[in-house]
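Please read the structure below before turning to the comments.
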Ligand SMILES: [Zn+2]
């Protein structure tokens, strides 16, 4: 496996800290609002990384946090009158349901900041005691970046322009210093700590949760891969790395991976720009798997300019896989073709080269269709082709749905019920050899835009 390490700025060979095992941490969402396409893309990119490593035989432990205490959350609490628990549990539930719809595997560990305060305060305490952090007259605790000789060695982004984006504060000793603990103010949500009531800063959460749940204690590095969106590289990841270095005298992660932005018409997608595209809106129209396939089909490091024409084109490409799957309806999968498996894994092992991987998929679909045209009864081929599709669903997270259900997406429950009733009536008519009625029902379904097919497994239908 070779991956692009953002800190080294090159593609490097992946060698895990412990043979056969991989520990991955990805920064999760701040749960004060619905997820947007940027969240979806990051989740899908690292889901692909995880699935690829698993397919290569690694035992992967995957962790992603929920930031459930932060300025934006507090603002929303006072706007809505909801409690922290009410607000954050609502958005966590929605986030998880949307990730399920996108076929993103659930992390093995999903800690929340508010449930990790013991680890967070213990880490801040260590940093104060070893002189890497200081308390301001207002009671805030800051990390002293001048005490970390390696500060900026990760992102190499501590130029004036990057620093100018950090909120200035006269109480800070250095411009890059950042809050580890924010003292309790009016209209705040506060927790007790040895350094006064307050709440944790954002950066310390990730370091502390990794240390608590995922870290190797006796190695040079705490985890193998740290991931997140490119916008988190500086200052967030730089600060995470600094905290861990100073508190635990270990490096945080051996490899750093970052996914590109999702833009709309060339502008960076960001909530602050007000051009956010909520995931829920896209999922209301498109099958989660279609959306996944679209977001997956651009290499994770490239920026993706979201537009619906490309999404439609992605759907057509995925339709082809499902049309092949329909031809194999009812076939029990046999053994995956070794050449297919090798080609797919070789492509993904090359820094998740999705274009190459999807070319392997397209090639397989075309070859299988040709073979089935010439040899429609080749049972062994059918079993292998079905096994290839099952394998694809494990590695890429696509092709796993029932082939007919896939083509039924977008039909409401009431219409589905009506269709099923008509099909049942037609079956009865056929049984009674009343072919005129059976044909009339088929025509009625066709007028509803529904095509039916009689298969050995019964009558199936799809949207035409
Ligand atoms: Zn983080």
Expected single match for at pLDDT below 95, touching a strand residue (DSSP E or B) at 6+ places or on another chain (Cβ under 8 Å) and not in a strand (DSSP E or B) among 172, 185 is 172
Note to self: Please determine whether any residue of the range 68-79 is away from the ligand (no atom under 16 Å from the Cβ) and closer than 22 Å to residue 396 by Cα.
What the structure shows: no
Apart from one, (1) under 28 Å from residue 14 (Cβ atoms); (2) in contact (Cβ under 8 Å) with a residue 60 or more places away in the chain; (3) surrounded by 20 or more Cβ atoms within 10 Å (Cβ to Cβ) all hold for residue 350; the odd one out is (3)
The number of residues in the range 5-16 that are outside any strand (DSSP E or B) and within 16 Å of residue 221 (Cα to Cα) is 5
Just one listed residue, out of 436, 387, is assigned to a helix (DSSP H, G or I), under 30 Å from residue 50 (Cβ atoms) and over 25 Å from the mean Cα position of the chain (by Cα), and it is 387
Residues of the range 131-151 being over 30 Å from residue 87 (Cα atoms) and either surrounded by fewer than 19 Cβ atoms within 10 Å (Cβ to Cβ) or at pLDDT below 95 (or both), in sequence order, are 131, 134, 135, 136, 137, 146, 147, 149, 150
Among the residues of the range 227-255, the number that are part of a helix (DSSP H, G or I), within 21 Å of the chain's Cα centre (by Cα) and more than 11 Å from the ligand (Cβ to nearest atom) is 3
When the range 84-118 is checked residue by residue, the ones that are in contact with a helix residue (DSSP H, G or I) (Cβ under 7 Å, 6 or more places away or on another chain) and outside any helix (DSSP H, G or I) are 102, 103, 104, 105, 109, 111, 116
Review point. In this structure, does residue 441 turn out to be modelled with pLDDT of 90 or more and either surrounded by fewer than 14 Cβ atoms within 10 Å (Cβ to Cβ) or closer than 28 Å to residue 316 by Cβ (or both)?
Key: no
Considering the range 264-280, residues that are modelled with pLDDT of 85 or more and out of contact with any helix residue (DSSP H, G or I) (no Cβ under 6 Å at 6 or more places or on another chain), and then whichever is farthest from residue 6 (Cα to Cα), we arrive at 280
Only one of 407, 340 is crowded, with 18+ Cβ neighbours inside 10 Å and modelled with pLDDT under 95, namely 407
By residue number, the members of the range 192-225 that are part of a loop (DSSP other than H, G, I, E, B) and within 16 Å of the ligand (Cβ to nearest atom) are 201, 214, 215
Considering the range 17-40, residues that are touching a helix residue (DSSP H, G or I) at 6+ places or on another chain (Cβ under 6 Å) and assigned to a loop (DSSP other than H, G, I, E, B), and then whichever is nearest to the ligand (Cβ to nearest atom), we arrive at 27
Checked the range 284-309 for anything in a helix (DSSP H, G or I) and at pLDDT 90 or above; matches are 288, 289, 290, 291, 292, 293, 294, 295, 296
Note: among 92, 128, 73, 124, just one is under 30 Å from residue 290 (Cβ atoms) and either buried (at least 16 other Cβ atoms within 10 Å of the Cβ) or touching a residue at least 24 places away in the same chain (Cβ under 8 Å) (or both), namely 92
Taking the condition surrounded by 15 or more Cβ atoms within 10 Å (Cβ to Cβ) and either modelled with pLDDT of 95 or more or out of contact with any strand residue (DSSP E or B) (no Cβ under 7 Å at 6 or more places or on another chain) (or both), does residue 37 pass? no
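The values are calculated or read from the model by the stated rules, or taken from the named source; none is laboratory data. Everything numeric in this text was worked out from a predicted model, so none of it was measured. A quick note on method: Cβ atoms are made from the backbone with ideal geometry, for glycine too, and the neighbour counts reach across all protein chains shown.
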